[in-house]
Amino acid sequence: MNSIIRYFFGPARGPASIVLIRLAVGLIFLTQGILKYIDPNMGVVRFTRIGFPHPYFTAHYVGTFEIMCGFLVLLGFWTRAAAVPLLIVISTAIATTKVPA
């Protein structure tokens, strides 16, 4: 159990080039999360069009996770733990927007 906690919340090890990937992923999720709050077409309207129940709540809930976890990935804190909710968000986005087409 202790090794699992250390894996997700411990310092990441790897080549310095990972910083560029972390920067790109963190900025994408951070900006998309902010857009869900400030642009209705990227947030509530989009979630309504897709068919999510309670689109206002859902858009802001997802936006909050994208901002928080994107910021953590961007800074390199708890990167692995922050990647789990982001993986769920992006998997849901792909399943609801790309698979039906």
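The values are calculated or read from the model by the stated rules, or taken from the named source; none is laboratory data. Only a predicted model underlies this, so the values are computations on that prediction, with no experimental measurement involved. Here Cβ is always computed from backbone atoms with ideal geometry, including for glycine, and neighbour counts include all displayed protein chains. Quick note on the areas: whole protein, heavy atoms, side chains included, nothing else; ligands and nucleic acids left out. Shrake-Rupley method; radii C 1.70, N 1.55, O 1.52, S 1.80 Å.
Quick one, could you list the DSSP H helices from the chain stretching 15 Å or more along their long axis (Cα atoms) with average Kyte-Doolittle hydropathy of -0.5 or above?
Numbers: long enough: 18-38 (30 Å, 1.90); 55-75 (29 Å, 1.23); 79-97 (26 Å, 1.52).
Helices meeting the span and hydropathy rule in the chain are 18-38, 55-75, 79-97.
Suppose every K and R has +1 on its Cβ and every D and E has -1 on its Cβ; what is the size of the dipole of the chain about the Cα centre, in Debye to the nearest 20? Write out the running numbers ahead of the final one.
On the way: 8 positive and 2 negative charges, 41 e Å.
Magnitude of the dipole: close to 200 debye.
Quick one: which of 21-29, 69-77, 84-92 comes out on top by average Cβ neighbours within 10 Å, and what's the full order, highest first? The partial results should precede the final answer.
Values: 21-29: 16.9, 69-77: 19.2, 84-92: 14.3.
Those peptides, ordered most packed to least, come out 69-77, 21-29, 84-92.
For the chain, what does the helix formula give at 222 nm: sum of -39500 (n - 2.57) over DSSP H segments with n ≥ 4, over the residue count, nearest 500 deg cm²/dmol?
Details: 5 runs with 76 residues, N = 101.
-24500 deg cm²/dmol, from helical runs alone.
Quick one: with all protein chains in place, what share of the accessible area of the chain is carbon or sulfur, to the nearest percent (1.4 Å probe)? Intermediate results must be reported in sequence, preceding the final value.
Details: 5200 of 7010 Å².
For the chain, the apolar C and S fraction of the accessible surface comes to 74 percent.
So how far, in whole Å, is the C-alpha centre of the range 1-69 from the one of the range 71-88?
8
By how many nm would the segment from L27 to H54 grow when fully extended, if each residue of separation counts as 0.36 nm and the alpha-carbon distance is taken off? Don't skip to the end; give the middle numbers.
Values: separation 27, 0.36 × 27 = 9.72 nm, distance 2.69 nm.
Value of the extension gain: 7.0 nm.
Counting heavy atoms of the protein chains only and a 1.4 Å probe, report the per residue accessible area for the chain as a whole number of Å².
Computed with neighbouring chains in place, this is 69 Å² per residue.
Here are labelled values, (1) 15, 41, 28, 13, 1; (2) 13, 36, 33, 13, 4, 0; (3) 16, 51, 29, 4, and one is the computed P(r) over Cα pairs in 10 Å bins from 0, in percent for what I pasted. Which one?
(1)
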